[in-house]
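Enquirer: Let me begin by handing over the structure; questions about it come next.
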Amino acid sequence: MDFFEVLKRRHSIRAFTRATVQPQDLRAILEAANGAPSAGNLQAYEIYLVKKQEARAALAAAALGQNFIAQAPLALVFCAHPDRSATRYRERGIRLYSIQDATIACAFAMLAATALGLATVWIGAFDDNAVGHAIGAPRNLLPVAILPIGYAGEKPEATPRRRLQDLVHEV
């Protein structure tokens, strides 16, 4: 699929079918995330692949009752790894670069899933500690995004976007 077509087709999907994600598609998504740029190429993030139903249900509860997370056949949880970034960038790596690294990796995974005909939604509303507990992450990792992945069980309307002249400020 053409890159600009991927951008047009990406929508936030909150209903998923029961169809499983093929292993080769999951691998392509994970490889896309792994190829994302990162500060100093440190890849200061970890990805948790959540397949077990009970773990996805725990994620849904941690995400303030967003139960569609449990409906998707899998979810990826992107966690910032501040200590990894701090080795080179100290405080800025801890509070910014590691979060940016996890965010960019998640965006790459989301676009790769869309290119493969899969559906996703970016989840940022959750209790950090509950997410960490649900995935068994060490306390030094910071959950940044949950990305449920599956086949769309709905077809939402495109949402309006801001006009470029309201968004872009030329200097």
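The values are calculated or read from the model by the stated rules, or taken from the named source; none is laboratory data. As the structure is a computational prediction, the values presented were derived from the model and not from experiment. Every residue, glycine as well, gets a Cβ built from its backbone with ideal geometry; the counts of neighbours run over all protein chains shown.
Enquirer: If you scan segment 1-25, which residues turn out to be in contact with a Leu (Cβ under 7 Å, 6 or more places away or on another chain) and either within 16 Å of CYS106 (Cα to Cα) or aromatic (Phe, Trp, Tyr) (or both)?
Expert: Those that are in contact with a Leu (Cβ under 7 Å, 6 or more places away or on another chain) and either within 16 Å of CYS106 (Cα to Cα) or aromatic (Phe, Trp, Tyr) (or both): VAL6, ARG10, ASP25.
Enquirer: Which residues, counting only those in segment 121-145, are β-branched (Val, Ile, Thr), in contact with a helix residue (DSSP H, G or I) (Cβ under 6 Å, 6 or more places away or on another chain) and under 18 Å from ALA70 (Cβ atoms)?
Expert: Scanning segment 121-145 gives a single hit, VAL131.
Enquirer: Sticking with this one: Do we have any residue at all in segment 154-171 that's modelled with pLDDT under 95 and of a type in the set (Gly, Ala, Ser)?
Expert: yes
Enquirer: Where residues in segment 62-109 are touching a residue at least 40 places away in the same chain (Cβ under 8 Å) and acidic (Asp, Glu), which of them is surrounded by the fewest Cβ atoms within 10 Å (Cβ to Cβ)?
Expert: ASP83
Enquirer: Is it true that GLN24 is at pLDDT 95 or above, touching a strand residue (DSSP E or B) at 6+ places or on another chain (Cβ under 7 Å), surrounded by fewer than 20 Cβ atoms within 10 Å (Cβ to Cβ) and closer than 28 Å to LYS155 by Cβ?
Expert: For GLN24, the condition - at pLDDT 95 or above, touching a strand residue (DSSP E or B) at 6+ places or on another chain (Cβ under 7 Å), surrounded by fewer than 20 Cβ atoms within 10 Å (Cβ to Cβ) and closer than 28 Å to LYS155 by Cβ - is not met.
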